[in-house]
Structure formats: C-alpha cells, structure tokens
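This report refers to the structure that appears directly beneath it.
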Amino acid sequence: MPECIDLVGQIKPKLSQVFFTEQTVLISASSGTGLWEAAARNCVNKKVLTCVNGAFAERFSDVAEMNGKAIEVLDVPWGQPILPEPVVERLATGEFDAVSIVHNETSTGVTSPIREIAQAIRALPNGNDIMILVDSVSGLAGARIEMDAWDLDVLLASSQKAFALPPGISFCAVSDRAMAKAKTVPARGYYFDFISLAKSMAKNQTPATPAVSLLFALDRQLDDMMAEGMENRFTRHLAMRDRTLEWARGQGFDIFAAPGYESPTVTCISNNREIDISAFNKFLRTKGMIISNGYGDLKGKTFRIAHMGDTQMHELEELYAAMDEFLA
Ligand SMILES: *Cc1c(COP(=O)(O)O)cnc(C)c1O
C-alpha cells in the first residue's frame, strides 16, 4: 500500500545514517540470523575465511557451511579480538573470496578492530576481490562502525540489540562491490537474494510481505536516534562501558575481554569470585532487573551485563546498587 511505501521511504535515509552509508540498505523480515544466510549465499563463490573468537562467530561460520560454501576457520581464543595480521596472512594465499567477522562478539564482550582489519585486507594485491562480511548484530547503533569509510561489503544488525526494538526484523548495508559480486554467484536462493531485495528497496518495497508493525517501531526509534545524534550515542555507550568495568573491578571481578577490546555495548565478567549466578539473577529479578549468565561453554564461568540501546547511566547505577547489595 502507498502508506507502507511512504513509511519505508521515511526510514531509508535515517537507517543509512546509522550505517554511515550511501550504498544499498536492506530491511529483512527475519532476525539477524537470516542475514548471515544472505551474506554467505550472495557473496561467496570460492571459499570464505570464517574468523571465530566466540559463540556467534562460530555460528556464522556454521551457517556459511550449511549454505554449501567452502569454509576455513581462523580460530582465535575466546576473549581475544580478531586482529589484522592472521587474517591477511590467510587471505593472501588467494584461496578466498570472502571473510566473515563478528564486530562485537556478544558471548565474550569483545569488539574486534574492523576498520584496521578491512584496511589491511584492501592493501593486499587481491584485496578488492575479497568480500568483507561483518556481523555487528549487537554493535551497530551503539559501538562505532562505518560501512563506507571502512570499506566493508556486508554489514548486518538485528532490531533487538543496540537498536532497542522488539525482535523480528534485521538490517544490512551492501556495498556496490557486493551487489556486483552477487550477480556472479549462482543459487542465491529467493528470500535473501540481494539483487531482488535491492530492486524492490529502490522502490521502497520488499519482494515479500514486510513486517509492517516493526517498521513503524523502527521509524520512531530512528527519529529518537537522530535526535540524540550518533556521536552522542557512541559516547553514552562508552561511558556505560567504562562504568561497568569500574564496577566489576571494584567488586574484585576480572574482565573476560582482552584489555583494550572491551565492548561498548556488553561486558562479559569472569566469575572468579565463584558466585552463584542463578541465585544472583533470582535476587535481581525481585527488583525487576536481570543480567545474563555466560553463553554456552562460558555458563557459570562468566556473566554479562548489557549496556546498550536505550539504557541510561542512572539505570545502570540502580543495577550496581542492587548487585552490591547481593554481593555484600
Ligand atoms: C544475537 C546475535 C546474533 C543472532 O541474531 P538473531 O537476531 O538472534 O538472529 C548474531 N550475532 C551476534 C553477535 C548476536 O549478538
């Protein structure tokens, strides 16, 4: 309906600002996982180097493989960032036409230096043939990441993390380079085909039914983001991160992330005091709050505090007061 076309037309320029891009921006009626499939299906002919430093990066790698793509895993210990040197060392072999990286690994609270990695890749003789596929599901709109200036090819995010929206839609920016590449890739499927999605999006439409209710929410949230300003948003997230690190260290906890790579949107805290995390959460729930246990293998060994989206410092202060009370 024309009303929906107007709504998407209103959303597009604002969403582009959040991605820092003038290239194609797409909206998918799926969670972020769907866009993992999209990235793998549209951008890989030869082989993708999957950089794995946590649970989500591992799943991104699995998804590429399950979509029939040849993969090679670059394994990095959990808690560590992906760094440029090992990535370009592998990519220089010429065996690969894509690399997948998670910007903000939600399971470990680690942010990888995407800008430096992309710069190092583009400096390779075959650098422009490599599709740089970046998951910033829990980073984008909270931690700085710039599609165009950093020269990325696919940058994807979900509604329910740093966008602070209800779950159910996801967004990605796709470079002109990746759009051209997609045309050379057979069997891109139907639902996540970049070519058909971009063709519809140019008319402020989608090939299949859009998640209209969530588009209204997105439009409103983008207005709030624009009003706050992206720079102010990044600053607010960094301040919440720093306060969280200070609280954790003050209570004698270690930070799971390697120093210097602590995420602006989620902090993963080592449970070196061996507290009962479920009891901790039970107590917090009585006060209307909740934190996250460690993810997967890190359950019981770590716990995580989200400081993203609409969260404000005064809310974190309430959380830390409650946590201090439990720990005392
Ligand atoms: C949550 C998350 C995902 C999965 O996204 P869904 O929207 O749940 O499909 C992928 N990557 C990261 C880093 C995440 O935090």
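Of all residues in region 121-147, how many are among the acidic types (D, E) and closer than 19 Å to L197 by Cβ?
Our first condition is that a residue be among the acidic types (D, E); within region 121-147, this holds for 129, 135, 146.
With the extra rule that they be closer than 19 Å to L197 by Cβ, the set shrinks to 135.
Number of matching residues: 1.
Could you list, in sequence order, all residues of region 121-168 that are within 11 Å of the ligand (Cβ to nearest atom) and either part of a strand (DSSP E or B) or closer than 16 Å to S16 by Cβ (or both)?
Result: V134, D135, S136, L140, L156, A157, S158, F163.
If the Cβ limit is 7 Å and pairs must be 6+ apart or interchain, which residue in region 22-37 that is of a type in the set (D, E) pairs with which residue that is more than 7 Å from the ligand (Cβ to nearest atom)?
The qualifying pairs are E22/S16; E22/D148; E37/V63; E37/N67; E37/F192.
Looking at region 121-159 only, could you name the residues that are open to solvent by 10 Å² or more (accessible area, probe 1.4 Å) and under 23 Å from K69 (Cβ atoms)?
Initial filter on region 121-159 (open to solvent by 10 Å² or more (accessible area, probe 1.4 Å)): 122-126, 128-129, 137, 144, 146, 148-151.
Hits for region 121-159 are R122, L124, N126, N128, D129, V137, D151.
Looking at A180, A162, A187, which one is among the aliphatic types (A, V, I, L, M) and buried (at least 16 other Cβ atoms within 10 Å of the Cβ)?
Working: A180 fails: buried (at least 16 other Cβ atoms within 10 Å of the Cβ); A187 fails: buried (at least 16 other Cβ atoms within 10 Å of the Cβ).
That would be A162, the only listed residue that is among the aliphatic types (A, V, I, L, M) and buried (at least 16 other Cβ atoms within 10 Å of the Cβ).
Being crowded, with 24+ Cβ neighbours inside 10 Å and part of a loop (DSSP other than H, G, I, E, B) is the filter here; which residues of region 109-120 pass it?
G109, S112
Which one of the conditions (1) open to solvent by 30 Å² or more (accessible area, probe 1.4 Å); (2) within 13 Å of the ligand (Cβ to nearest atom); (3) polar (S, T, N, Q) does S30 fail to meet, given that it meets all the rest?
Among (1) open to solvent by 30 Å² or more (accessible area, probe 1.4 Å); (2) within 13 Å of the ligand (Cβ to nearest atom); (3) polar (S, T, N, Q), the lone unmet condition for S30 is (1).
Does region 161-207 hold any residues that are of a type in the set (S, T, N, Q), closer than 19 Å to G32 by Cα and touching a residue at least 12 places away in the same chain (Cβ under 8 Å), and which are they?
Pass one, region 161-207, residues of a type in the set (S, T, N, Q): 170, 175, 184, 196, 200, 204-206.
Next cut, closer than 19 Å to G32 by Cα only: 170, 175, 196, 206.
Within region 161-207, S170, S175, T206 qualify.
The values are calculated or read from the model by the stated rules, or taken from the named source; none is laboratory data. Everything quoted here is computed from the prediction, not taken from an experiment. Note that each Cβ is placed from the backbone with ideal geometry, even for glycine, and that neighbours are counted across all protein chains shown. Surface areas here come from the heavy atoms of the whole protein model, side chains and all, with no ligands, DNA or RNA. Shrake-Rupley method; radii C 1.70, N 1.55, O 1.52, S 1.80 Å.
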